[in-house]
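The structure appears right after this line, and notes come after that.
The values are calculated or read from the model by the stated rules, or taken from the named source; none is laboratory data. Please read these numbers as outputs of a predicted model, since none were measured by experiment. Here the Cβ is made from the backbone with ideal geometry for all residues, glycine too, and neighbour counts use every protein chain on show.
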């Protein structure tokens, strides 16, 4: 995951082409062709009453775009019970508009310029960006209705402060794709996954200091922890961005969001000198041979299999139940005769004098949905009815487990699966095994159900859920919140979009792997000067002034 914000790309015309029917009230098109319990419970109580049966006329066709949307529909057009349930409940016919994780932004920009965006525009993560404000000023998207009382779930979602920060002239322009009911739970989206068995085999104590970590990673690389002479490395990140994105929380707040500092200046902490100690630590680790040199160029799908197959000893990655379960699944596939549980531990970052532990935290949502300005009021109402239901706990459970009473039941507040065992995984089947709609991208168009429900998901091994609950609660209690002021990120100044020449992630990777003999300070000063020339200095000045003018 994770979360990146957003380039303005040149537009070009793209012609839409329709394909044949898919059954279950769906058509496909070639491109483009739980939460906070108390507040949401009150909203959910009225949702059933307000989501009345849709008009008994011909189904309303609604085009919906999201990552992997087409995967929610069978290729052979065979019927799907979950799709039928959704389309019949709202009397709609869904046209899925498919985009990939790597091309969604580019396609969206192209289609916006051509006027061919779909009705429901998912696969976006851009509040506060230049494109966000451009779409609004150009009339690409329409505002949500002022009165959302008929849609209590939607009303609650858009009423969150981290959504309200991005209103324009008092209007809301998007519906958030909720990730957690409590933003503090993001604390588990960064972590240090370690091979406990390797560490113990080599007689290494739990690392505490920077040097302890460096020595452990070097030992993993040089001491043949597998005992078979295979080449392994000490540590590898899931991607370069995680180095500075609060994985090593003791180095203070080093993330990449615009932030107001104590002196009133508005900066991107990742680019400031306060991040240099963290990167110096990682540079020393690389020089000691403890970091997999492929981290710079490796594709996103490389680090996890490397860890799961015993080629890397430490993986920097998300450590929530859902993500540790991904490690478990990959491990079982690659090392079926070896149990992961005794080999796994989640470490805390290095300790040192003056350390200020600041946890990773984000908006309670990641990414969002916009509505095409061409959508008329009757279609807007139907879309809001759909979203209002899909935000409920009932719908969240359906997208993950299937139909209550058939595929699962609630017993003393716990989810109990009633499905047969999947012979391929050795685990009971869940909704993605049973219903094609739940397999593809439309199951997570409205929210991230897998994230919302992961701590109570019985398909996640109990030892992982127990470990992560204990770790989550410790971190929230002991690690400081960054107290993000989302109004800062929402400031719209043209200088922000003029920083396209700045690639601080690439630059930090070059810093870490630099073997020239130049000092850390020399390398940093050269990078910083380049960033300033490429727009960072002007953007900082403009952002600081704008924040002061607004009284933030």
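What number of residues in the stretch 89-125 are within 23 Å of residue 379 (Cβ to Cβ), touching a helix residue (DSSP H, G or I) at 6+ places or on another chain (Cβ under 9 Å) and not in a helix (DSSP H, G or I)?
17
Within the stretch 60-82, how many residues turn out to be over 15 Å from residue 439 (Cβ atoms) and either modelled with pLDDT of 95 or more or crowded, with 17+ Cβ neighbours inside 10 Å (or both)? Quick ask: steps written out before the conclusion?
The first filter runs over the stretch 60-82 and keeps only residues over 15 Å from residue 439 (Cβ atoms), leaving 60-65, 77.
Restricting the remaining residues to those that are either modelled with pLDDT of 95 or more or crowded, with 17+ Cβ neighbours inside 10 Å (or both) gives 60-65.
Total meeting the criteria: 6.
Taking residue 85 as the residue in question, decide whether it is crowded, with 22+ Cβ neighbours inside 10 Å and either assigned by TED's automatic domain parsing to the domain that holds residue 175 or touching a strand residue (DSSP E or B) at 6+ places or on another chain (Cβ under 7 Å) (or both).
No.
Scan the stretch 440-460 for residues that are farther than 17 Å from residue 186 by Cα, touching a helix residue (DSSP H, G or I) at 6+ places or on another chain (Cβ under 6 Å) and either at pLDDT below 95 or not in a helix (DSSP H, G or I) (or both) and jot them down.
440, 446, 460
Can you tell me which of 313, 289 is under 25 Å from residue 224 (Cα atoms) and crowded, with 19+ Cβ neighbours inside 10 Å?
Result of the check over 313, 289: 313.
Just checking, does the stretch 201-222 include any residue being assigned to a strand (DSSP E or B) and farther than 30 Å from residue 148 by Cβ?
Checking the stretch 201-222: not a single residue is assigned to a strand (DSSP E or B) and farther than 30 Å from residue 148 by Cβ.
Write out, first by first residue and then by second, each pair whose Cβ atoms fall under 6 Å of each other, whose residues are 6+ apart or on separate chains, and whose first residue, in the stretch 426-438, is within 21 Å of residue 333 (Cα to Cα) while the second is assigned to a strand (DSSP E or B).
428/417; 428/421; 429/422; 433/422
Residue under question is residue 431, and the condition is that it be surrounded by fewer than 21 Cβ atoms within 10 Å (Cβ to Cβ) and either in contact with a helix residue (DSSP H, G or I) (Cβ under 8 Å, 6 or more places away or on another chain) or farther than 23 Å from residue 413 by Cα (or both); does it hold? Outline the logic, then answer.
Details: surrounded by fewer than 21 Cβ atoms within 10 Å (Cβ to Cβ): no; either in contact with a helix residue (DSSP H, G or I) (Cβ under 8 Å, 6 or more places away or on another chain) or farther than 23 Å from residue 413 by Cα (or both): yes.
Against the criterion (surrounded by fewer than 21 Cβ atoms within 10 Å (Cβ to Cβ) and either in contact with a helix residue (DSSP H, G or I) (Cβ under 8 Å, 6 or more places away or on another chain) or farther than 23 Å from residue 413 by Cα (or both)), residue 431 does not qualify.
Among the residues of the stretch 352-369, which ones are in contact with a helix residue (DSSP H, G or I) (Cβ under 9 Å, 6 or more places away or on another chain) and over 30 Å from residue 181 (Cα atoms)?
Within the stretch 352-369, just 352 meets the criteria.
Please verify whether residue 298 is under 30 Å from residue 138 (Cβ atoms) and in contact with a strand residue (DSSP E or B) (Cβ under 9 Å, 6 or more places away or on another chain), treating the condition exactly as stated.
Working: under 30 Å from residue 138 (Cβ atoms): no; in contact with a strand residue (DSSP E or B) (Cβ under 9 Å, 6 or more places away or on another chain): yes.
No.
Select from the stretch 177-189 the residues that are in contact with a strand residue (DSSP E or B) (Cβ under 8 Å, 6 or more places away or on another chain) and in a loop (DSSP other than H, G, I, E, B) and list them in ascending order. Show your work before the answer.
First, the residues of the stretch 177-189 that are in contact with a strand residue (DSSP E or B) (Cβ under 8 Å, 6 or more places away or on another chain): 177-179.
Hit for the stretch 177-189 is 179, nothing else.
Return the pair list, or none, for Cβ contacts closer than 9 Å from residues in the stretch 289-301 that are in the same structural domain as residue 101 (by TED's automatic domain parsing) to residues that are part of a loop (DSSP other than H, G, I, E, B), at least 6 apart or on different chains.
Partner pairs satisfying both residue conditions: none exist.
Looking at (1) over 20 Å from the mean Cα position of the chain (by Cα); (2) surrounded by fewer than 22 Cβ atoms within 10 Å (Cβ to Cβ); (3) part of a helix (DSSP H, G or I), which is the only condition residue 388 fails?
(2)
Within the stretch 166-176, track down each residue that is in a strand (DSSP E or B) and either modelled with pLDDT under 95 or surrounded by fewer than 21 Cβ atoms within 10 Å (Cβ to Cβ) (or both).
Residues satisfying the conditions are 168, 171.
List the helices (runs of 4 or more DSSP H) that sit entirely inside the stretch 265-384 and contain at least 3 residues that are over 27 Å from residue 214 (Cβ atoms).
Result: 321-334.
How many residues are surrounded by fewer than 21 Cβ atoms within 10 Å (Cβ to Cβ) and within 22 Å of residue 216 (Cβ to Cβ) if we restrict to the stretch 316-338?
Residues meeting the conditions: 3.
Listed residues 504, 463, 474; which is buried (at least 18 other Cβ atoms within 10 Å of the Cβ) and at pLDDT 95 or above?
On the way: 463 fails: buried (at least 18 other Cβ atoms within 10 Å of the Cβ); 474 fails: buried (at least 18 other Cβ atoms within 10 Å of the Cβ).
Going through 504, 463, 474 in turn, the sole match is 504.
Let me confirm something: among 239, 205, 218, which residue is surrounded by fewer than 22 Cβ atoms within 10 Å (Cβ to Cβ) and under 19 Å from the mean Cα position of the chain (by Cα)? Break it down into steps so the answer makes sense when it comes.
Values: 205 fails: under 19 Å from the mean Cα position of the chain (by Cα); 218 fails: under 19 Å from the mean Cα position of the chain (by Cα).
Of 239, 205, 218, the one residue that is surrounded by fewer than 22 Cβ atoms within 10 Å (Cβ to Cβ) and under 19 Å from the mean Cα position of the chain (by Cα) is 239.
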